[in-house]
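The structure under discussion appears below in the form of structure tokens.
The values are calculated or read from the model by the stated rules, or taken from the named source; none is laboratory data. Note that the structure is a prediction, hence the values are computed from the model and not measured. We place every Cβ from the backbone using ideal geometry, glycine too, and count neighbours over all the protein chains shown. What goes into the accessible areas is simple: the full protein's heavy atoms, side chains included, and nothing from ligands, DNA or RNA. Shrake-Rupley method; radii C 1.70, N 1.55, O 1.52, S 1.80 Å.
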Amino acid sequence: MRFRQRSKSGKMSEKGDYEDIRPKRGRWCNTQFEGQWYEVEKTFYMMEMTASCTSFNFTLSPDGTSYKVHIGTKNRITGNPNIFSGTATLVSKSKSVLNYQAESRLPGLFSRMIPTTGLYHIMYSDYHNYTILWSCTSFGLFHTDIIWVLGRERDLTAISRAELYNLLYELNINPDRLILTKHEKCEEFF
């Protein structure tokens, strides 16, 4: 989380103003995005400090308006696996913005405040190698944005990583903020 000051434009940047981060994608395809993805890199997020071996499984609903999402992680301290589930509803069929709601036994008001709940923008996906997810939340003076790089494999080739970093610069996202995900002794969750 960063302490930043808003500009008149309402965007944030590394200098303290909202950044003009815009998705770069062709036509969005729900069915091609479906399936298994692995976290390759991400920005620092306190809630995921002990997580490793993170993987996602997106299953498209029959009507094509949402995904059932299963997220598997391994605790780096205990070695225990954790599996979380939720629903990611497409904000629009033509846009790659997902409104994720974690499954919870909490009442609706409280379950909407679970840290992983919110809007996720799929900034880019080639559907076969990697996807860039971005989420941004503001709490008055406090702002946090999180970036995930997901891959169909647990790591990217050198060529794919170079393409990805160039693309991140085009999207006004600094790849120096990314941290490689730990993939030691990982097992398949799904």
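Checking each residue in region 155-190 for being under 28 Å from residue 75 (Cα atoms), open to solvent by 50 Å² or more (accessible area, probe 1.4 Å) and in a loop (DSSP other than H, G, I, E, B) picks out 155, 157, 174, 182, 183, 184, 185, 187, 188, 190. Within region 135-180, the residues that satisfy the criterion of being closer than 21 Å to residue 57 by Cβ and either acidic (Asp, Glu) or modelled with pLDDT under 90 (or both) are 135, 146, 153, 155.
Exactly one residue out of 78, 59, 116 is in contact with a strand residue (DSSP E or B) (Cβ under 7 Å, 6 or more places away or on another chain) and either modelled with pLDDT of 90 or more or surrounded by fewer than 16 Cβ atoms within 10 Å (Cβ to Cβ) (or both): that is 59. Count of region 159-186 residues, restricted to those that are closer than 30 Å to residue 81 by Cβ and among the small types (Gly, Ala, Ser), is 1.
What residue, among those in region 128-154 that are not in a strand (DSSP E or B) and not aliphatic (A, V, I, L, M), is farthest from residue 40 (Cα to Cα)?
The initial filter retains those residues of region 128-154 that are not in a strand (DSSP E or B), namely 128-129, 140-141, 152-154.
Then drop every residue that is not not aliphatic (A, V, I, L, M), which leaves 128-129, 140, 152-154.
Values: 128: 14, 129: 11, 140: 31, 152: 9, 153: 8, 154: 6 Å.
Applying the filter and picking the extreme gives 140.
Pairs linking a residue in region 173-185 that is farther than 19 Å from residue 53 by Cα to a residue that is of a type in the set (Phe, Trp, Tyr) and open to solvent by 60 Å² or more (accessible area, probe 1.4 Å), with Cβ atoms under 9 Å and 6 or more positions apart or on different chains, are 175/165; 175/169; 177/44.
Among the residues of region 58-77, those that are farther than 21 Å from residue 40 by Cα and in a loop (DSSP other than H, G, I, E, B) comprise 61, 62, 63, 64, 65.
Just checking, does region 26-33 include any residue being more than 19 Å from residue 121 (Cα to Cα) and without any contact (Cβ under 8 Å) to a residue 12 or more places away in the chain?
Pass one, region 26-33, residues more than 19 Å from residue 121 (Cα to Cα): none.
Within region 26-33, not a single residue is more than 19 Å from residue 121 (Cα to Cα) and without any contact (Cβ under 8 Å) to a residue 12 or more places away in the chain.
Restricting attention to region 25-50, the residues that are touching a Lys or Arg at 6+ places or on another chain (Cβ under 9 Å), open to solvent by 20 Å² or more (accessible area, probe 1.4 Å) and among the hydrophobic types (A, V, I, L, M, F, W, C) total 3. Within region 81-102, restricting attention to residues that are open to solvent by less than 20 Å² (accessible area, probe 1.4 Å) and in contact (Cβ under 8 Å) with a residue 60 or more places away in the chain, the residue that is nearest to the chain's Cα centre (by Cα) is 96.
Taking residue 91, is it closer than 18 Å to residue 121 by Cβ and modelled with pLDDT under 90? Can you show your working first?
Numbers: closer than 18 Å to residue 121 by Cβ: yes; modelled with pLDDT under 90: yes.
Yes.
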